[in-house]
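The structure appears below as structure tokens.
Please treat every number below as a calculation from the coordinates, not as lab data. What you are looking at is a predicted structure, and each value in this text was computed from that prediction instead of being measured. Virtual Cβ from ideal backbone geometry, glycine too; neighbours counted across all protein chains shown.
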Amino acid sequence: MSELALTKTTKFFRSYGIKCNEELIAEWLNTASRRENLSEQVCEDDLYDFNEWCRWKGTPYEEGIDDQTKIARLLEEINDLQSEVSALKKE
């Protein structure tokens with residue numbers, strides 16, 4: 001990925017009101033399998049792809065994570081939900 005592509009992509013996303021930094025864009029470009037052949041032209045489809053990637057980043061449903069990480073995140077999510085249920089029952 002070229003520095004020009006990174007800068008251009010960041011500016012494009014910001015022009016749509018997306019709060020992002022170059023580090024986040026670089027991570028997305030490096031981890032997304034479809035980004036391997038990034039053209040110099042960025043389009044709205046890339047914007048939607050980035051939003052989806054951000055939506056799932058850090059969750060059990062993140063693309064490209066190993067099974068152990070996925071299981072650990074699911075267990076954490078279950079514990080959080082159980083705590084929330086307990087708190088709601090007390091109310």
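List of remarks:
- Lysine pair count for the chain [Cα-Cα under 21 Å; pairs on different chains or 8 or more apart]: 4
- Rg/Rh (Cα only; Kirkwood hydrodynamic radius) as it applies to the chain: 1.14
- A simple spin-label model places pseudo-atoms 7 Å from Cα toward Cβ; at W56 and E44 they are separated by 2.3 nm.
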